[in-house]
1. In the stretch 22-128, what % of DSSP beta bridges are antiparallel (nearest 5)?
2. Starting from the amide H of residue 49, placed 1.01 Å from N in the peptide plane, find each other amide H under 5 Å away whose residue is 5 or more places distant or on another chain.
3. So, by mean Cβ neighbours within 10 angstrom, what's the order for 95-103, 241-249 with the highest one leading?
4. Suppose each label sits 7 Å from its Cα in the direction of the beta carbon; what would the residue 79-residue 232 distance come out to in nanometres?
5. Out of all Cα-Cα pairs in the stretch 22-128, roughly what percent, to the nearest whole number, are more than 21 Å apart?
6. What pairs in 181/226; 130/177; 31/60; 130/181; 240/260; 130/226 have C-alpha atoms more than 24 Å from each other?
7. Percent relative contact order of the stretch 22-128, based on C-alpha pairs within less than 8 angstrom and at least six residues apart?
8. Roughly how many whole Å is it from the C-alpha centroid of the stretch 181-236 to that of the stretch 77-128?
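Just so you know, all these numbers are worked out from the coordinates, no wet-lab data involved. None of these values were measured; they are calculated from a predicted model. A quick note on method: Cβ atoms are made from the backbone with ideal geometry, for glycine too, and the neighbour counts reach across all protein chains shown.
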Amino acid sequence: MAIQQRTAFFILFFSISYIPSLAVILRTTDKTVWANEFETIELTCLIESISTNNPRIEWKKIKKGVVSYVYFQNRISGDLEHRAQLREPANLLILNTSRSDTAEYRCEVAAIDDQRDFDEILISLAVRVKPVVPRCSVPVAVTVGTSSELHCLENEGFPAPQYSWFHDNEELPLDPKNSIKFINSSYTINSDTGGLKFRRVRKEDAGEYYCQAKNDAGYSQCPPQKMEVYDVDILGIFLKSFGAVVAVICVTVGVCHAHKHGCFSSKDQEGNNYKLPAQDDGVDYGDADEGHFRHKSSFVI
């Protein structure tokens, strides 16, 4: 009886220890991988256990729900055809990564000689993109005591960049109350949208401003732009004066043009409506035809 129990134990032990060798098992060093654009990155697909000598290895790319082949029938295909290669045992090496490579990649291994003949592992790749030069908007002139806002925008970087502002080559702290130099400033910075807003502009706020967009891949900044701060609204006064001058010129030109075309002529001078000369008081000239007849009669006599 004891011999039979011992035999059953050894059979069970060897069966349990032999099962893993009849299954293909995969693992990876990192299921979420980050890479900077234009760099080389390796997606690891490690075969921990397998019995089949020549397993079928495939890599697939999944982006926005669309599945495409990356490695199929022992060759690289798709948009990675000339930028990737398979490395032992089943790792995928991507050269010169681009933002279009951001996707999920699935490593699949099929081993027909194993009891568990298939396994797969999913890896997420995100390619960081350095921000481009942001578009900055800085007002040329503002008046003391008024509100003003500076804008900064960049939409190429990935992940989305954080923004910071510089005044005369010195970075502005997010909270001016934490800095002795800027404690009296009334500005606020939105590091997500790139806005720099002054609630009340001071004379000390005049100077050169530029914005910097930064993420894990790097940073870029716009050229400095100068902002003047005046005690009075010189620019507004100039524009109003200029507008008034233009208005006067337009009215003058309009009047001259109208006068030239007779728009201001008297109605008495229009057409052939002329009045007869006034007659002397106390003299009765009688009818015009009658006078004409008498003149002829006297001439005959």
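1. Beta bridges within the stretch 22-128, antiparallel portion: roughly 85 percent.
2. The answer is 25.
3. Values: 95-103: 16.0, 241-249: 10.0.
Result, highest mean first: 95-103, 241-249.
4. According to this spin-label approximation, the distance is 6.1 nm.
5. Values: 1750 of 5671 pairs.
Result for the distance tail: 31 percent.
6. The answer is 130/177; 130/181; 240/260; 130/226.
7. 39 percent
8. Spelled out, the Cα-based centre of one part sits 47 Å from the other.
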